[in-house]
Amino acid sequence: MLSYAKIKDKPRIFKSFTGLTLQAFTELLPAFGRAYEQDWGRRDAQRPTPRQRRRGGGRKSALLTIEDKLVFILFYFKLYPIQELMGYFFGFSQSQANEWIHCLTPVMKSAPSSTASAL
């Protein structure tokens, strides 16, 4: 299963998978994290019924950390593999890969950074 922890110490692999150096990734991460939180808040506000559990309750995601989420979407934008392969590389199904791609694409686009706009 591909994750940030597995590739962060391999600069050539990291850049091949994400298109960014570790330094550029680290600079983009805070903006991406803020954009993700804002998007999550927006989605919560659009819910027709209030949450039954607190945020983060329920089943744990395959992409646990914000770093893993950013690696996932950068990997997708860099290589554009089919969703079946995305799921295989990151350890979940094609349908979950589809959901993550559709969830994280607007987050990536809204992350205010020169690196994000270059994608």
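Coordinate-derived values only; no laboratory data. In this text, all values refer to a predicted model and were calculated from it rather than measured experimentally. Because the Cβ atoms are built from the backbone with ideal geometry, glycine has one as well, and the counts that use them run over all protein chains shown.
Quick notes on this structure:
- Only Lys, Arg, Asp and Glu carry charge here, each on its Cβ (+1 for the first two, -1 for the last two); on that basis the chain has a dipole of about 320 debye about its Cα centre.
- Each peptide in 38-46, 78-86, 90-98, 25-33 gets a packing score, the mean of other Cβ atoms within 10 Å over its residues, and the list from highest to lowest is 25-33, 90-98, 78-86, 38-46.
- Nitroxide proxy distance, nm - points 7 Å out along Cα→Cβ at residue 85 and residue 27: 2.9
- Each Cα pair of the range 6-54 feeds into the Kirkwood radius, which the Stokes-Einstein equation turns, at 10 °C and 1.306 mPa s, into a diffusion coefficient of 121 µm²/s.
- Cβ-based net charge around residue 29, under 12 Å, with every Lys or Arg adding one and every Asp or Glu removing one: 0
- Sites residue 13 and residue 105 - FRET efficiency at Förster radius 41 Å, r taken between beta-carbons, to 0.05: 0.95
- Nearest 10 degrees, 0 to 90: helix 22-45 Cα axis against the chain principal axis: 20
- Simple spin-label estimate for residue 49 and residue 61 gives 2.3 nm between the two label positions (7 Å along the Cα-to-Cβ direction from each Cα).
- Each Cα pair under 8 Å and six or more residues apart adds its separation to the average, and for the range 1-89 the resulting relative contact order is 45 percent.
- The chain: C-alpha pair distances exceeding 19 Å, %: 47
- Projecting the Cα atoms of 29, 48, 66 onto the charge dipole of the range 11-72 (Cβ charges, centred on the Cα centre) puts 48 farthest toward the positive pole.
- Computed over the range 21-84, the percent of Cα pairs more than 16 Å apart is 60.
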